[in-house]
Amino acid sequence: MPLPPLYGHEALRARLAGAESRGQLPQVLLLEGPRGVGKQRLALWLAQRLVCAGTAGKAAVEPCGECQPCRMVLGLAHPDVHWFIPLELSKKGADADKLVEIVEAALGEELAARREQPLYDAPGGMASHSIAAVRLILRRLAMTPAMASRKVFIIGDAERLVPQVSTPDAANALLKALEEPPANTVFILTATDAGALLPTIQSRVVRIRVPRLPDGVVTAFAQSVLGRSVSTGSIAAAAGCIGALVSQQAAGEAIAKAEDAASRFLEAMEGTPVDRLLLALRQMPFQARGGFTDMLDALLRRLQAEARTGKDSARVVAAIAKLLEARELARGNVNPQLLTAVLGEDLAPGAKGSR
C-alpha cells in the first residue's frame with residue numbers, strides 16, 4: 001500500500017523545493033516540530049522530490065508522482081532512500097556484526113509493516129537508534145547510489161540516538177558524516193524535542209521548524225484518508241497534528257483488538273488443553289508483544305470489574321495476581337507463546353487457585 005498523500009505544509013514544501021532547484025538545499029537538515037505534525041512524512045516527500053525523474057532540472061514544487069523513483073519512494077522500496085526508525089530489539093548480546101544484521105532485519109520488518117499499514121503510531125518508549133543502527137547507516141553511506149544520482153538518509157526521532165561512551169567510534173564517524181557528508185548524500189533528521197539531540201549533532205544541522213496544521217487540513221485528512229468524519233472535539237484534541245488523530249484511531253482499534261483477544265483467551269480457558277495449546281501457538285513470539293500485553297490489560301480490566309461484584313473473590317484475586325505476574329514478565333524478554341501457555345494452564349478451570 002503506498003503512502004497517503006502529504007497534507008498541508010505547502011509554504012514549507014515550496015521553500016524546500018525552491019532551495020533544491022537553486023542548488024542551495026543544505027545536505028543535513030533537521031525537521032523539528034510537535035509530535036504527529038508530519039515531519040517524517042515531509043522528509044519522505046523531500047526524498048521523493050530529490051530522486052524524482054520527472055522533475056529533474058525543473059523548478060516544479062511537487063514530485064511528479066508517476067515516474068518509477070516516485071512510485072518506489074511511495075512504496076517504501078527505493079534503494080537510495082534509507083529510512084531509519086527507532087527500534088526495540090528482542091535479541092541482544094550478539095557481536096557487533098551480528099547486531100548490525102539484527103538491526104537490518106528488524107528495520108526491514110518495520111518497513112514491511114508500514115507498507116501494509118502506512119498510518120503508524122509513535123514507537124514504544126524503549127525504542128532507540130542503537131550503536132548497531134549507526135553502524136548500519138555508515139555501511140550504507142559507503143555504498144554507491146543504486147538508481148538515483150544521490151542517496152537520502154532519513155533518521156526519524158533523531159533524539160533517540162543512543163550515545164555510548166564505551167564504543168565511540170561509530171558515533172564519532174556518524175558525526176563526521178554529518179559534518180562533511182559525501183557530495184551525493186542528503187541527511188534529513190526529524191525530532192520532536194531538538195534540545196534532546198546530542199549537542200554535537202545540533203551544531204551540524206540546519207534546523208527547520210515544521211508548524212502545526214490548520215484544523216481544516218486535519219479534517220480533510222480524516223475524511224479523505226481515514227474515510228470518516230471526526231468530531232470537533234477530536235480535531236481540537238489533535239491540535240494541528242495529523243499523527244495525533246491517527247493515534248486516537250489506533251488507540252481505539254488497539255482496545256477493540258485487545259478485547260477480542262481477551263474473549264478468545266477466555267473461550268480457550270473453557271475448552272480443552274489442546275484449545276489452550278493452539279491459542280499459545282497462534283501468539284506470535286516477539287513481534288506481537290504489544291498486542292499480547294494489551295490482551296493482558298483487557299483481561300485485567302474484566303477481572304477487576306468482576307472483583308468489584310464481590311463474587312468468588314478468592315478465585316478472582318488469584319487470577320489477577322497471575323495476570324500481573326505475566327504482565328511483568330512480558331516487559332522482559334520472555335516469549336509470549338510460553339507465557340500464554342503457562343497462563344492458560346494457571347487460569348484454566350480446575351487449576352489450583354483458579355476456581
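The values are calculated or read from the model by the stated rules, or taken from the named source; none is laboratory data. Small disclaimer: the values here were computed from a predicted structure and weren't measured. Every residue, glycine as well, gets a Cβ built from its backbone with ideal geometry; the counts of neighbours run over all protein chains shown.
Descriptive notes on the structure:
- Residues satisfying the stated conditions in the stretch 220-230, i.e. within 12 Å of GLN248 (Cα to Cα) and assigned to a loop (DSSP other than H, G, I, E, B): VAL230
- Verdict on VAL230 being in the same structural domain as PRO123 (by TED's automatic domain parsing), farther than 24 Å from ILE85 by Cβ and modelled with pLDDT under 90: no
- Residue pairs whose Cβ atoms lie under 6 Å apart, sitting 6 or more positions apart in sequence or on different chains, and linking a residue in the stretch 173-198 that is under 19 Å from ALA146 (Cβ atoms) to a partner that is among the small types (Gly, Ala, Ser) and part of a helix (DSSP H, G or I), are ILE188/ALA43.
- If you go through the stretch 260-276 and keep only what is more than 32 Å from the chain's Cα centre (by Cα) and polar (S, T, N, Q), you end up with just THR272.
- Output for the stretch 68-121, where each listed residue is among the small types (Gly, Ala, Ser) and surrounded by 18 or more Cβ atoms within 10 Å (Cβ to Cβ): ALA106
- Qualifying residue in the stretch 68-82 (condition: modelled with pLDDT under 95 and on the phi > 0 side of the Ramachandran plot): no
- Evaluation of PRO163 against (1) loosely packed, with under 15 Cβ neighbours inside 10 Å; (2) modelled with pLDDT of 90 or more; (3) within 28 Å of GLN202 (Cβ to Cβ) (one fails), failing number: (2)
- Taking residues in the stretch 132-161 that are closer than 21 Å to CYS70 by Cβ, and partners anywhere that are assigned to a helix (DSSP H, G or I), the pairs with Cβ atoms closer than 6 Å and at least 6 places apart or on different chains are ALA148/VAL51; VAL152/ALA47; VAL152/LEU50; ILE154/ALA43; GLY156/GLN40.
- Across the stretch 182-216, the number of residues qualifying as crowded, with 17+ Cβ neighbours inside 10 Å and outside any loop (DSSP other than H, G, I, E, B) comes to 10.
- Taken over the stretch 294-309, the residue count meeting the criterion of being more than 20 Å from PRO336 (Cα to Cα) and either part of a helix (DSSP H, G or I) or within 26 Å of the chain's Cα centre (by Cα) (or both) is 6.
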